[in-house]
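Notes follow once the structure below has been shown.
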Amino acid sequence: MDAKYGFNAEDSNLEKGAQPWHLVKDVDPLEDEQRNSRRKNKTGSIYRRKLKTIHEVHFPRLMSTKTTIQKYVDGMFRAMLKAPSDDSDISVPVTIKYLFDFFDAQAEENDAGQAMAKTWKNNSLGQRFWVTVITHPNFIFDILQTLPVEAALKIIAETLLDSCSVEAIKYTKDTSTNRLLYTREVPKYREYVNNFYSSIQKMPTAAKNFLNEELECVNENFLNQFSHLSTLQLLYNYADRDRKALVDTLDREMHLDLIDQFEKVQLAFQQDQD
């Protein structure tokens, strides 16, 4: 095991003389321990001068590496946040349209504002899905994810999170070097995010029958892997526990059809238990 780069040389298949390049500085545990010891023994001013020297040498190397891979990062952001209205062949899953419309409706109904709706969208798609895909490409591809690559992908994932933020990020002198790498690109990526959300909002409302068809297609990939009855029982237990509050809310919001469906489900479960 190569302790410096975190992978087996025989597995990496690196050509002789090749070296891995990444966006974060590698930390040697021994050097880190020695540096901490010196930090305690020397004055703060001396340590800060040495630390500044390290950053001045390290940051240009990071920028050089970033420049090398920038076109691929830009392509990834364009692919993730391609607005549906930009190309007739581009569309988003009906489930995302339905979910985003639900967030917009709830934000308007509860006077939460569009900022809250955007936060919900970020949490559901950006943070829960894309960040996971970016930081764990081995979930999708059969690849060897080395420690330097993993650290570099975390920087790109942080850039996505900064781009999705409701308010513009204010970078200061205390901001980490890794986050400062993409300060110039974040405004452009923020525009991608806003255009993406705006385009989905302008799409025609997703009909429930199309939503059901898409969910059926997804379910076919998991046939015979889960117990449908067990899953329905758990959902019913959750709904039955708060039955009165659920029915009152549906009645107040004039969803009488959903009340009828819920009562039919209740009757079916009660007959099955009898």
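The values are calculated or read from the model by the stated rules, or taken from the named source; none is laboratory data. Keep in mind that this is a model prediction, so the values were computed, not measured. Note: ideal-geometry Cβ built from the backbone for every residue, glycine included; neighbour counts use all protein chains shown. SASA here: full protein model, heavy atoms, side chains in, ligands and nucleic acids out. Shrake-Rupley method; radii C 1.70, N 1.55, O 1.52, S 1.80 Å.
Overview of values
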{"item": "Two-site label geometry, SER165 and ARG184: point separation in nm, points 7 Å out along Cα→Cβ", "result": "2.0 nm"}
{"item": "Burial order of peptide ranges 214-221, 193-200 (average beta-carbon count within 10 Å, highest first)", "result": "193-200, 214-221"}
{"item": "Per-peptide average of other Cβ atoms within 10 Å, ordering 70-79, 161-170 highest first", "result": "161-170, 70-79"}
{"item": "Using θ = phi - 60° and Karplus 6.51 cos²θ - 1.76 cosθ + 1.60, couplings along the stretch 260-270 (whole Hz; Gly, Pro as x)", "result": "4, 5, 5, 5, 5, 5, 4, 4, 5, 5, 5"}
{"item": "Pairwise label distance in nanometres, ASP242 with GLU213, each label 7 Å out on the Cα-Cβ vector", "result": "3.3 nm"}
{"item": "Farthest toward positive dipole pole in the stretch 64-133 [+1 Lys/Arg, -1 Asp/Glu at C-beta], among ALA83, VAL94, GLY126", "result": "GLY126"}
{"item": "Of the trypsin sites (Lys or Arg not before Pro) in the stretch 177-254, those whose Cβ has at most 11 other Cβ within 10 Å and which sit in DSSP loop", "result": "ARG184"}
{"item": "Solvent-accessible heavy-atom area per residue, rounded to whole Å², over the stretch 117-211 at 1.4 Å", "result": "59 Å²"}
{"item": "Residue-count net charge about THR175 - beta-carbon cut-off 12 Å; Lys, Arg +1, Asp, Glu -1", "result": "0"}
{"item": "Cα-based Rg / Dmax (Å) for the stretch 75-224", "result": "17.2, 55"}
{"item": "Flagged links, alpha-carbon separation over 24 Å, of LYS121/LYS244; LYS71/LYS202; LYS121/LYS170", "result": "LYS121/LYS244; LYS71/LYS202"}
{"item": "VAL265 paired with ASN138, simple spin-label distance in nm, labels 7 Å along Cα-to-beta-carbon", "result": "3.9 nm"}
